[in-house]
1. Nearest-5 percent of antiparallel DSSP beta bridges in the chain?
2. Residues with amide H under 5 Å of ARG7's amide H, sequence separation 5 or more or different chain, H placed in the peptide plane at 1.01 Å from N; which?
3. For region 202-353, what is the charge dipole size about the Cα centre, in debye to the nearest 20, if Lys and Arg each add +1 at the Cβ and Asp and Glu each add -1 at the Cβ?
4. 222 nm [θ] for the chain, helices only, -39500 (n - 2.57) per DSSP H run of 4+, per residue, to 500?
5. Label region 297-349 by shape, choosing from rounded, prolate and oblate, from the square roots a ≥ b ≥ c of the eigenvalues of the Cα gyration tensor; if a/c is under 1.5 it is rounded, and otherwise prolate applies when a/b is larger than b/c, oblate when it is not.
6. Say a site is exposed when it is one of the trypsin sites (Lys or Arg not before Pro), sits in a DSSP loop, and has at most 14 other Cβ atoms within 10 Å; what is then the longest site-free stretch of the chain?
7. For VAL239, list long-range residues whose amide hydrogen, built 1.01 Å from N in the peptide plane, is under 5 Å from its own amide hydrogen.
8. Name the shape class, rounded, prolate or oblate, that the alpha-carbon gyration tensor gives for region 157-246, where a ≥ b ≥ c are the square roots of its eigenvalues, rounded holds for a/c under 1.5, and otherwise prolate holds if a/b is larger than b/c and oblate otherwise.
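FYI, it's all coordinate maths here, none of it is from the lab. This is a predicted model, so every value here is computed, not measured. Cβ placement follows ideal geometry from the backbone for every residue including glycine, while neighbour counts extend to all protein chains displayed.
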Amino acid sequence: MTKKPMRKIAILGSTGSIGTNAIQVVNSLDNYELFALSAHSKLQVLGEQVIANRPAFAVASDPETARKSTFPDVDETDFLIGHDHLETIASHPDVDVVLAAIVGAAGLRSTWAAIESGKQVALANKETLVVAGPLAMSLAKQRNATILPVDSEHSAIFQALNGENPKNIRKVILTASGGPFRNASMDELRCATVKSALNHPTWQMGPKITVDSATMMNKSLELIEARWLFDLPAEKIEVVIHPQSIVHSLVEFVDGSVMAQLSPPDMKLPILYALTYPDRSSGPTEKLDFREAFHLDFQPPDFEKFPALLLGSEVARNGGTTGAVLNAANEAAVAAFLNGQIGFLDITRACRDVLKQHDFDPSPTLDQLISMDLWARKEINKWIAA
Ligand code: NDP
Ligand code: MG
């Protein structure tokens, strides 16, 4: 058997939920080497990851936290301090694959650098496509970068489309667990606490995306992500509630045939697939057991209880500056909810109001999108203060 060539990976956001899962995946693969890691606030965890994995580089992206921390003395590792160094590792000539796993628009610049450098980009940071989908996809084409989705729904669609002609797609159907409030009444939603919003029934994730799952803004962001990643009109993307989180999404073709991808709710599989594509590897993933009885349920979403879903369709339809505004507004509103400044239902209300107020531009540059992001965050603060 011929030995597979060694591939070097940089994990942007190695201390997060995706990042720590990814380290386990990489360590299970013979032909992958952890070349660079990064953390923002959890520098103690970064230190432990460095001692265990001895990467060439470790980036502490927040200089404030770095100043108050000590780093382990590991001969093989250079510690780099500051946000700009995320771009240093994302574009490093020795890196083959970049896993973009920073949460929020904070991951945009480094993901951009990876695309610009023509890397294989395993993309967890959906916000890059929400904010700047058309620009990111055309840059990837220009620079010969491959973007492979890590988001489980998009990984499922990507797998279902393997070998298919995109013109034969009738629609893609994103599955959503429905989050912790799937069966909650409007009254219960009004009084939802941070603790209850963070109590996701099927997925273990970072706090921001967990709140997004509770409001269903996560599905909205995923709808926008799918719009640009697969170059599909908004009308061809639907959402269905599937509480078991086993069917990760579906594609319906023009002849009525529906292809689905199934696996237990475990992010290690889409991470593994994005790293090994077009090959597959057994990896440290959980497997379904068809000797046990289980059932799969599907139901349409409730747009009245979860109006965030409508915002995603609107943004996917209109494009331009809307994605940057919705994403930034949502990040700021979620942070305010987590800090106890606003109620649960206010998150979507604030986003809707800011989206409505913004000065729409149909074809913005990256700098304009970044300015829009800042504007939307300020508007959310005004909304909260009003
Ligand atoms: P986490 O909050 O668990 O982790 C986020 C990572 O980003 C951490 O390593 C964190 O560092 C780092 N980070 C946070 N803020 C900054 C910043 N300002 N600058 C640089 N680095 C920063 O998030 P998740 O792992 O849950 O999510 C990561 C991405 O993957 C998100 O875009 C999310 O939407 C997407 N995703 C996640 C899924 C999941 O199952 N978790 C599923 C599908 C998509 P530190 O911890 O050191 O502060
Ligand atoms: Mg997802």
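1. On the way: 10 of 40 bridges.
Around 25 percent antiparallel, to the nearest 5.
2. Excluding prolines and chain starts, which carry no amide H, the hits are TYR32, GLU33.
3. Values: 12 positive and 20 negative charges, 53 e Å.
In debye, rounded to 20, region 202-353 gives about 260.
4. Numbers: 16 runs with 172 residues, N = 386.
Roughly -13500 deg cm²/dmol at 222 nm, from the helical runs in the chain.
5. Working: a/c = 2.66, a/b = 1.12, b/c = 2.36.
The shape class here is oblate.
6. On the way: sites that count: LYS3, LYS68, ARG280, LYS287, ARG291.
For trypsin sites (Lys or Arg not before Pro) (loop position, at most 14 other Cβ atoms within 10 Å), the longest site-free span of the chain is 69-279.
7. Distant-sequence amide H within range of VAL239: LEU174.
8. Details: a/c = 2.54, a/b = 2.32, b/c = 1.09.
Since a/c reaches 1.5 and a/b is larger than b/c, the shape of region 157-246 is classed as prolate.
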